[in-house]
Structure formats: structure tokens, C-alpha cells
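Asker: What follows is a single structure, and I will ask about it in a moment.
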Amino acid sequence: VSFDLFAGDILGIVGPNGSGKTTLMRLITGIYYPDDGVVYKIPEKKITAVFALGVGLRPLFNGRENIYLEGAMYGMSKKEIEDKIDFIEAFSELQGQLDRPLGNYSSGMRARLAYSIAVATGPDIFIIDEALAVGDSLFQTKCFEYLKTYVQQPDKAVLFVSNHIRK
């Protein structure tokens with residue numbers, strides 16, 4: 001496989017289950033190392049990858065506590081998280097819900113919170129692996145529209161991985 005991802009791009013990788021899409025993304029992020037071949041990337045670029053929304057969220061913690069936990073897992077400082085709380089609350093559409101235990105959230109609410117935290121990291125390269133397959137269609141549309149504007153910022157690109165081709 002060979003491709004280039006440039007600033008301003010939203011590049012789709014599409015293939016059936018088991019074809020190696022997630023493995024490729026893990027190679028790009030450095031989770032896996034190649035047995036053969038080379039992954040060329042600019043080391044100072046910040047990459048945020050969403051492989052499974054909500055992994056690491058704690059049901060006994062409230063939404064706000066989970067924002068701090070997930071943000072830290074993405075490498076954000078406490079100050080960076082505090083600066084993004086309003087964005088996360090607004091983007092997730094969970095105003096007034098962040099102080100409720102996550103265990104009381106619907107699966108869609110958890111997915112919206114997890115995705116909002118990930119996008120709030122402000123990466124140079126945002127990798128989304130099947131993550132938008134969950135949640136309601138209105139939120140999915142909102143996410144796709146946001147990604148279109150996101151890549152218009154300097155040095156931003158999106159790599160979107162799916163086994164579905166939208167018609």
C-alpha cells in the first residue's frame with residue numbers, strides 16, 4: 001500500500017473486514033512496527049487515532065471526570081483539557097449532562113462524548129477507524145461536516161477508514 005496524505009486532505013481507506021485497514025492505521029500511529037516496508041511520516045505531527053470509541057471511559061465517573069481521564073490518555077495536559085471543556089460539551093451536545101455518571105448515558109451519548117474528546121485534541125492528523133458508525137445520523141452528519149471545516153485549518157488532515165462506501 002502506498003499513499004500520500006497532505007494538509008487539507010480527507011483521505012478514505014475502504015476495504016472489507018479483515019483486509020488490514022486497522023493494522024495499517026496502527027502502523028501509521030506507531031502502535032505497531034512494520035515487519036517489512038517503511039512508514040514515512042513527519043515526527044513532530046500530532047496524530048490522534050480513534051479505533052474504538054469509549055474505550056477507557058469509566059461508567060462510575062461522571063462525564064466531566066471522563067473528559068479529564070480520556071484527555072490525559074490522549075496526552076493532553078490538565079490546562080489543555082480545561083481549555084477544551086466548553087468545546088467538548090457543546091460539540092457532544094451534552095450540555096447539563098456532564099455531571100451525571102457515565103453509566104447513566106445511552107450508548108449514543110457515550111459515543112458523542114468520546115468522539116468530542118478525541119477531536120478536541122486538535123491533531124494535525126486525525127485518524128478515524130469506523131468510529132462514526134455509531135450514534136445517530138444527525139450526529140454523524142455533524143461530525144462529517146466538522147471534518148470538512150477542520151481540514152481547512154493549516155496543517156490538518158483526516159484519514160478515514162471504513163468498510164462502507166457512502167453513495
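Asker: Would you be able to say whether some residue in the stretch 108-127 is assigned to a loop (DSSP other than H, G, I, E, B), under 17 Å from G56 (Cα atoms) and not charged (D, E, K, R)?
Answerer: Yes, the conditions are met somewhere in the stretch 108-127.
Asker: Could you identify the single residue in Q153, Q95 that is surrounded by fewer than 18 Cβ atoms within 10 Å (Cβ to Cβ), closer than 26 Å to F6 by Cβ and among the polar types (S, T, N, Q)? Give the steps one after another, and end with the answer.
Answerer: Values: Q95 fails: closer than 26 Å to F6 by Cβ.
Testing whether each residue is surrounded by fewer than 18 Cβ atoms within 10 Å (Cβ to Cβ), closer than 26 Å to F6 by Cβ and among the polar types (S, T, N, Q) leaves just Q153.
Asker: Let me ask you something else. Residues to consider are P101, P123; find the one that is touching a Lys or Arg at 6+ places or on another chain (Cβ under 6 Å) and either open to solvent by 10 Å² or more (accessible area, probe 1.4 Å) or under 20 Å from L5 (Cβ atoms) (or both).
Answerer: On the way: P101 fails: touching a Lys or Arg at 6+ places or on another chain (Cβ under 6 Å).
So the residue among P101, P123 that is touching a Lys or Arg at 6+ places or on another chain (Cβ under 6 Å) and either open to solvent by 10 Å² or more (accessible area, probe 1.4 Å) or under 20 Å from L5 (Cβ atoms) (or both) is P123.
Asker: So which of A7, A49 is touching a Pro at 6+ places or on another chain (Cβ under 8 Å), touching a residue at least 60 places away in the same chain (Cβ under 8 Å) and not charged (D, E, K, R)?
Answerer: Residue meeting the stated conditions: A7.
Asker: Shifting gears a bit: Spot the failing condition for I67; the list is (1) in contact with a Lys or Arg (Cβ under 7 Å, 6 or more places away or on another chain); (2) within 23 Å of D129 (Cα to Cα); (3) aliphatic (A, V, I, L, M), and only one is missed.
Answerer: (1)
Asker: A further question follows. Give me the pairs, please: first residue somewhere in the stretch 148-164 and free of Cβ contacts under 8 Å to residues at least 40 places away in the same chain, second residue anywhere and open to solvent by less than 80 Å² (accessible area, probe 1.4 Å), beta-carbon distance under 8 Å, and either six or more positions apart or on two chains.
Answerer: Partner pairs satisfying both residue conditions: Y150/V119; Y150/F126; Y150/K156; Y150/V158.
Asker: Here's a follow-up. Within the stretch 88-102, how many residues turn out to be part of a loop (DSSP other than H, G, I, E, B) and either under 21 Å from the mean Cα position of the chain (by Cα) or of a type in the set (S, T, N, Q) (or both)?
Answerer: 5
Asker: Out of the residues in the stretch 35-51 meeting the condition of being surrounded by 10 or more Cβ atoms within 10 Å (Cβ to Cβ) and not charged (D, E, K, R), tell me which one is farthest from the chain's Cα centre (by Cα).
Answerer: Looking at the filtered set, the residue picked out is V39.
Asker: Let me ask another. Within the stretch 52-71, work out how many residues are more than 19 Å from the chain's Cα centre (by Cα) and either touching a residue at least 60 places away in the same chain (Cβ under 8 Å) or within 13 Å of L24 (Cα to Cα) (or both).
Answerer: 0
Asker: Here's another thing I want to ask about it. Taking the conditions exactly as written (assigned to a loop (DSSP other than H, G, I, E, B), of a type outside the set (S, T, Y) and either open to solvent by 30 Å² or more (accessible area, probe 1.4 Å) or within 27 Å of Q153 (Cβ to Cβ) (or both)), does M76 satisfy them or not?
Answerer: Against the criterion (assigned to a loop (DSSP other than H, G, I, E, B), of a type outside the set (S, T, Y) and either open to solvent by 30 Å² or more (accessible area, probe 1.4 Å) or within 27 Å of Q153 (Cβ to Cβ) (or both)), M76 qualifies.
Asker: I'd like the full set of residues that are aliphatic (A, V, I, L, M) and open to solvent by 80 Å² or more (accessible area, probe 1.4 Å), limited to the stretch 23-34.
Answerer: Scanning the stretch 23-34 gives a single hit, I31.
Asker: What are the residues in the stretch 9-45 that are touching a strand residue (DSSP E or B) at 6+ places or on another chain (Cβ under 9 Å), part of a loop (DSSP other than H, G, I, E, B) and within 20 Å of N163 (Cα to Cα), if any?
Answerer: Hits for the stretch 9-45 are D9, G15.
The values are calculated or read from the model by the stated rules, or taken from the named source; none is laboratory data. Since this is a predicted model, take the numbers as computed values, not measurements. Every residue, glycine among them, receives a Cβ derived from its backbone with ideal geometry; neighbour counts consider all protein chains shown. Surface areas here come from the heavy atoms of the whole protein model, side chains and all, with no ligands, DNA or RNA. Shrake-Rupley method; radii C 1.70, N 1.55, O 1.52, S 1.80 Å.
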